[in-house]
Amino acid sequence: MRKQKVAIIGAGVVGASAAYFLSKEKEIDLTVYDESTGQGTSAAAGIISPWLSRRRNKKWYRMVKEGAAFYPNFLKEVMNDQPIPPSIYKKVGTLLFKKKEKHLYELQEIGEKRREDAPEMGELTVLSPKEIKEKIPIYTKEEKALWAEGGARVDGGKLVDLLLNKAAINGASFVPERVTLSQDGKDYIIHSSKGEERFDSVILAVSAWLPDLLEPLDYEVDIRPQKGQLVEVKLENTDTADWPVIMPQGEEDIIPFDNGHVMIGATHEDEAGYDLTFDEVILKEMIHKASQTFSTHFDEASIYAYRSGTRAYTSDYAPFFGQVPGADRLFTASGLGSTGLTAGPIVGKCLAQLVLNQEADLPLHDYPIEQYVQKK
Ligand SMILES: Cc1cc2nc3c(=O)[nH]c(=O)nc-3n(C[C@H](O)[C@H](O)[C@H](O)COP(=O)(O)OP(=O)(O)OC[C@H]3O[C@@H](n4cnc5c(N)ncnc54)[C@H](O)[C@@H]3O)c2cc1C
C-alpha cells in the first residue's frame, strides 16, 4: 500500500515535536521544511514555569500546565530512557521576586491551590536572602523570593536539533528552505527550489508566518508578530549549572545555563514586525537592570551573544490549533506567544495525533482555530 505523504512546514519546537512523533509511524512518508530565520524556539529564553502566572485565561493555563508536565516523560521517551542532557533540559527551580513581600505570600497561596492538580510544580517556599545566596552565591540584595521547585529551563535550539535528529534516524527527510503552499484538488503542493512536491496531509507549524503561508489559499489569519531580544553574558570562573531561573519584577528574566552562561531578557516589541536587528542600547540596559535588581555581577560580565526572534500572538492572546477550516488534512497551530516553548511539545504531539486521525491530548474545542483562521 502507498504510504501517506505528510509534510511539516516549520521546525521550531512545535514542528520538530510533531516530526518526532510522525516519523515513528511506518505508514507515513515524512518531509520537514524549515528555513529558520526569526525562529522563536532557538531565540527563546527557555523558562518552563507556568504555574505562578497572574494570567486568568483558564484554557491557556491548561495548555501550558500540561505542556510543562509533559516535558520530562517526553524527553525520557526521545532519549530512549538514557539520561536527558542537562544542557538541553534541566529542572533547576524558579525564583520569583515581587516588589512587596506580602505579594510573595499571596502568590504562594495561589500556587498551593494550583498545585493540587499540578504536582509537578513541586514545593513552594518563600526564601530568605541567605537561602537565596546558598543557591546563587553572587546574590547581593536583601529581598526574599518565592521558590518553585519544579521550574525548569530548556535550550530550544538544542531541543529542536535533538528531535530532528531522531526524526531523521526514523527516516524523515529535511529540507532547509523557505517554501510556499498551494492546493490542487485533494493534494497539497509544496514549492521549493527543487520544484513541486505533492502531499496528502500538511502541518503548518510556522508560528508568526501563518498569514503568509495561507494567503495564497485565500485565508485571513488573526496572527501578528512580536519581536523579542535577549542577551547572553558569561560569568568567568562561575559554576552556574544548578542555579535556578530568576524572575525579577519586570521584563528581565535571568536564565543561567552551564559554564557561566546566563541569558538575560527578553524584550516584548509589538511594533517591530518581523525585524530581527539587535539594539545594543536596549540589550545593555537589560543587563544593567538585571544588575540593579539582582546582582551587580552582571554589569561586570562579558557579553557572549545576542539573540532575536519572533513570537506569534492572536488579537486576544489565546493560542489555537486544529484543522484549517474547509481544508481537509491541512493542520496548524499558532498564537503560542511568550509561553510557546512550554506548550510546544504537547501541541506538536496534538498535531501529529490529528494527522493520525486520533483524539488530541488537549481538547480541540478549547483552542478553536475557526476564530482565527477564516476563508476570505
Ligand atoms: C525572545 C523570546 C523569548 C522567549 N522565551 C520563552 C520562554 O522562556 N518560555 C516559553 O515557554 N516560551 C518562550 N518564548 C516563546 C516561544 O519561543 C515560542 O512561542 C515558540 O518557540 C513557538 O514555537 P513554534 O514552533 O510555534 O514557532 P517557531 O519556533 O518560531 O518556529 C517556526 C519556524 O517556521 C519557519 N518558517 C516560517 N515560514 C516558513 C516557510 N514558508 N518555509 C519554511 N519554514 C518556515 C520559521 O523560520 C521557524 O523556523 C520566547 C520567544 C522569544 C522570541
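Regarding residue 232, is this residue within 13 Å of the ligand (Cβ to nearest atom), closer than 27 Å to residue 308 by Cα and acidic (Asp, Glu)? So residue 232 fits the description; yes.
Summed over the stretch 24-40, the residues that are touching a residue at least 40 places away in the same chain (Cβ under 8 Å) and out of contact with any strand residue (DSSP E or B) (no Cβ under 8 Å at 6 or more places or on another chain) give a count of 5.
Based on this model, can you work out whether residue 310 counts as under 30 Å from residue 232 (Cβ atoms), touching a Leu at 6+ places or on another chain (Cβ under 9 Å) and either in contact (Cβ under 8 Å) with a residue 12 or more places away in the chain or in a loop (DSSP other than H, G, I, E, B) (or both)? Break it down stepwise before answering.
Details: under 30 Å from residue 232 (Cβ atoms): yes; touching a Leu at 6+ places or on another chain (Cβ under 9 Å): yes; either in contact (Cβ under 8 Å) with a residue 12 or more places away in the chain or in a loop (DSSP other than H, G, I, E, B) (or both): yes.
Yes; evaluated as a whole, the condition is true for this residue.
Does the stretch 153-186 hold any residues that are over 25 Å from residue 44 (Cβ atoms) and among the acidic types (Asp, Glu), and which are they? Correct list: 184 only. Test residue 13 against the criterion of being within 26 Å of residue 175 (Cβ to Cβ), modelled with pLDDT of 95 or more, among the β-branched types (Val, Ile, Thr) and more than 11 Å from the ligand (Cβ to nearest atom), and give yes or no. Criteria not met by residue 13.
Name the residue that is nearest to the ligand (Cβ to nearest atom), counting only residues in the stretch 190-225 that are more than 17 Å from residue 321 (Cα to Cα) and open to solvent by less than 10 Å² (accessible area, probe 1.4 Å). Among them, the one singled out is 190.
Of all residues in the stretch 117-126, those satisfying the criterion of being under 13 Å from residue 49 (Cα atoms) and open to solvent by less than 50 Å² (accessible area, probe 1.4 Å) are 118, 120, 121, 122, 124. Under the condition of being buried (at least 19 other Cβ atoms within 10 Å of the Cβ) and more than 11 Å from residue 342 (Cα to Cα), which residue from the stretch 31-41 is farthest from the ligand (Cβ to nearest atom)? So the residue we want is 31.
For the condition without any contact (Cβ under 8 Å) to a residue 24 or more places away in the chain, part of a helix (DSSP H, G or I) and open to solvent by 60 Å² or more (accessible area, probe 1.4 Å), what is the one hit in 134, 142?
On the way: 142 fails: part of a helix (DSSP H, G or I).
Matching residue, one of 134, 142: 134.
Comparison of 283, 362, 276, 341 shows that the only residue that is outside any strand (DSSP E or B) and touching a Phe, Trp or Tyr at 6+ places or on another chain (Cβ under 7 Å) is 283.
When the stretch 102-116 is filtered for residues that are under 12 Å from residue 146 (Cα atoms) and loosely packed, with under 12 Cβ neighbours inside 10 Å, the ones remaining, listed by number, are 102, 109.
Beta carbons closer than 6 Å, at least 6 apart along the sequence or on distinct chains, pair a first residue in the stretch 250-266 that is closer than 10 Å to residue 286 by Cβ with a second that is open to solvent by 30 Å² or more (accessible area, probe 1.4 Å) and basic (Lys, Arg) for 252/289.
Summed over the stretch 238-289, the residues that are of a type in the set (A, V, I, L, M), open to solvent by less than 40 Å² (accessible area, probe 1.4 Å) and more than 14 Å from residue 95 (Cβ to Cβ) give a count of 8. Of the candidates 336, 351, 341, the single residue that is within 12 Å of the ligand (Cβ to nearest atom) and either more than 11 Å from the chain's Cα centre (by Cα) or outside the structural domain of residue 208 (by TED's automatic domain parsing) (or both) is 351.
If you go through the stretch 156-178 one residue at a time, do you hit one that is in contact with a His (Cβ under 7 Å, 6 or more places away or on another chain), under 30 Å from residue 92 (Cβ atoms) and open to solvent by 10 Å² or more (accessible area, probe 1.4 Å)?
At the first step, the residues of the stretch 156-178 found to be in contact with a His (Cβ under 7 Å, 6 or more places away or on another chain) are none.
No, the stretch 156-178 contains no residue that is in contact with a His (Cβ under 7 Å, 6 or more places away or on another chain), under 30 Å from residue 92 (Cβ atoms) and open to solvent by 10 Å² or more (accessible area, probe 1.4 Å).
A single entry from 376, 349 fulfils the requirement of being closer than 21 Å to residue 164 by Cα, among the charged types (D, E, K, R) and touching a residue at least 12 places away in the same chain (Cβ under 8 Å): 349.
The values are calculated or read from the model by the stated rules, or taken from the named source; none is laboratory data. Just so you know, these numbers come straight off a predicted model, no measurement behind them. Here Cβ is always computed from backbone atoms with ideal geometry, including for glycine, and neighbour counts include all displayed protein chains. Calculation scope for accessible area: heavy atoms of the full protein, side chains included, ligands and nucleic acids excluded. Shrake-Rupley method; radii C 1.70, N 1.55, O 1.52, S 1.80 Å.
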